[in-house]
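Just so you know, all these numbers are worked out from the coordinates, no wet-lab data involved. The structure presented is a predicted model; accordingly, all values stated were derived computationally and were not measured. All Cβ positions, even for glycine, are placed from backbone atoms using ideal geometry, and neighbour counts span all protein chains on display.
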Amino acid sequence: MSDQRPVWMNGNMVPWENATAPLLSHGMSRGSTIFEVFGIHPGPDGPLAFRMDKHLDRLCHTAECLGMELAYTKEEFIEAVSKTVRANNISRGLVKMIAYWSDEPIISLVLDSKLDTAIFAVPAGEGLSLDSTEPVTACFSKWYKLHPLTMPTTAKACAYYLNGMLARKSAMERGYDIGILRHTDGFVAEGSIESVFMVKDGILRTSPLGKILSSITRMSIIEAASAAGIEVSQALISQEELLNADEIFTCHTGTKVLPIKKFEDRDLPAPGPYTAQIAKIMNDILSLENDQFKHWFQSL
Ligand SMILES: Cc1ncc(COP(=O)(O)O)c(C=O)c1O
């Protein structure tokens, strides 16, 4: 089955082309689908998942704060991920889990059925470039982050990515690679699909949780940098502070530490010394050369 890129769908392995949902499904026509993405890394005895427990916790959090019910337990999801990764023979790549309503209610808005689930395992390579460290440019997006009184913005829901898409597009229209969203009060929030870190006077700073996605990479960088003796602050960051940063980098599951070489009209060292140190720490962790954080990996 491996040449068919098997997908786990509600307990069955199906070929990629059969892993579909109706156009009029609630997930598609109302945009209610939720998801998770996490990394698969080669280990000495087979594939390893990076912090899968935290990603599954976040999936449960997303479902809960949107009033949705998942159809499987965490243990069942772990088993399903393992089966999918092994069936696809992946060593470095990503797992994407989506939970969605395939029901086709024409006008009903609120459903109470349990969510369907599909799990995809995608190898790194052509079509999925991971681990890039090539510095990029960034600017403030003209679009602001959804306000937490409009949606529970800590959920990882597909619909929110229209906000992220517009932010990225508005940055690209100005000739930048990445757009950084601000909260409606002007403080720095996050990127479209990435968290933001800055360094000022030797302190590593990132926006506090509560109104942004609880990024697993952000959490890992904070833990690893703190363990290496770097001072970390999670206090609010004003626009002016980001504009005057000594170093800036972004992070997400597919790209652990991505240096920003220009923010608005300022050139920045990329990577600056702290960014380079943190990139090395994360690299060592991901290549299993750092024993302190081996428990972040789960054998599949
Ligand atoms: C809005 C947003 N912020 C941050 C991140 C980084 O999260 P993680 O480190 O869990 O990939 C993502 C990842 O998709 C995201 O979509």
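Look at the dipole of the chain built from charges on Cβ: of A124, L149, A49, the Cα furthest out on the positive end belongs to L149. Are there GluC sites (Glu not before Pro) in segment 193-300 that DSSP marks as loop and that have at most 12 other Cβ atoms within 10 Å, and which are they? Taking segment 193-300 and a limit of 12 other Cβ atoms within 10 Å, the loop GluC sites (Glu not before Pro) found are E231, E289. Classified by the C-alpha gyration tensor, segment 115-157 has an oblate form. Its axis ratio a/c, with a ≥ b ≥ c, is 1.5 or above, and a/b does not exceed b/c. For the chain, the dipole from Cβ point charges (+1 on Lys and Arg, -1 on Asp and Glu) about the Cα centre works out to 320 debye, to the nearest 20.
How much net charge surrounds V232 when only the other residues with a Cβ under 10 Å from the Cβ of V232 are counted, with Lys and Arg +1 and Asp and Glu -1? Mind showing how you got there, number by number?
Details: positive: R205; negative: E223, E231.
It works out to a net charge of -1.
The alpha carbon gyration tensor of segment 58-160 gives principal lengths a ≥ b ≥ c with a/c of 1.5 or higher and a/b no greater than b/c, which makes the shape oblate.
Only aspartates and glutamates eight or more places from K156 in sequence, or on another chain, were considered; those with a Cα closer than 20 Å are E36, D53, D57, E64, E69, D112, D116, E190, E194.
Note on segment 201-300: lysine pairs with Cα distance below 23 Å, sequence gap of 8 or more or different chains, count 6.
Only four residue types carry charge here, +1 at the Cβ of Lys and Arg and -1 at the Cβ of Asp and Glu. Report the dipole size of segment 136-286 about the Cα centre in Debye, rounded to the nearest 20. Don't jump to the answer; show the numbers that get you there.
On the way: 16 positive and 16 negative charges, 99 e Å.
Its charge dipole is roughly 480 debye.
Is the chain best put as rounded, prolate or oblate by its Cα gyration tensor, with a ≥ b ≥ c the root eigenvalues, rounded for a/c under 1.5, and otherwise prolate when a/b is larger than b/c, oblate when not? Since a/c reaches 1.5 but b/c is at least a/b, the shape of the chain is classed as oblate.
The residues packed around I285, meaning those with a beta-carbon under 11 Å from its beta-carbon, carry a net charge of 0 if Lys and Arg are +1 and Asp and Glu are -1. Each of I278, L204, C251 was placed along the dipole of segment 136-286 (beta-carbon charges, centred on the mean Cα), and the one lying farthest toward the positive end is C251.
Based on the Cβ-Cβ distance from L111 to H295, what FRET efficiency comes out when R0 is 35 Å, to the nearest 0.05?
On the way: r = 38 Å, r/R0 = 1.08.
Taking R0 as 35 Å, the efficiency between L111 and H295 is 0.40.
Quick one: net charge around K142, please, counting Lys, Arg +1 and Asp, Glu -1 for every other residue with C-beta under 15 Å from its C-beta. Walk me through the numbers on the way to the answer.
Working: positive: K145, R168, K169, R174, R182; negative: E173, E264.
In short, +3.
Residues in segment 178-193 carry Karplus couplings, in order, of 10, x, 9, 8, 9, 6, 5, 8, x, 6, 5, 9, 6, x, 5, 9 Hz; the curve used is 6.51 cos²θ - 1.76 cosθ + 1.60 with θ = phi - 60°, and Gly or Pro positions show x.
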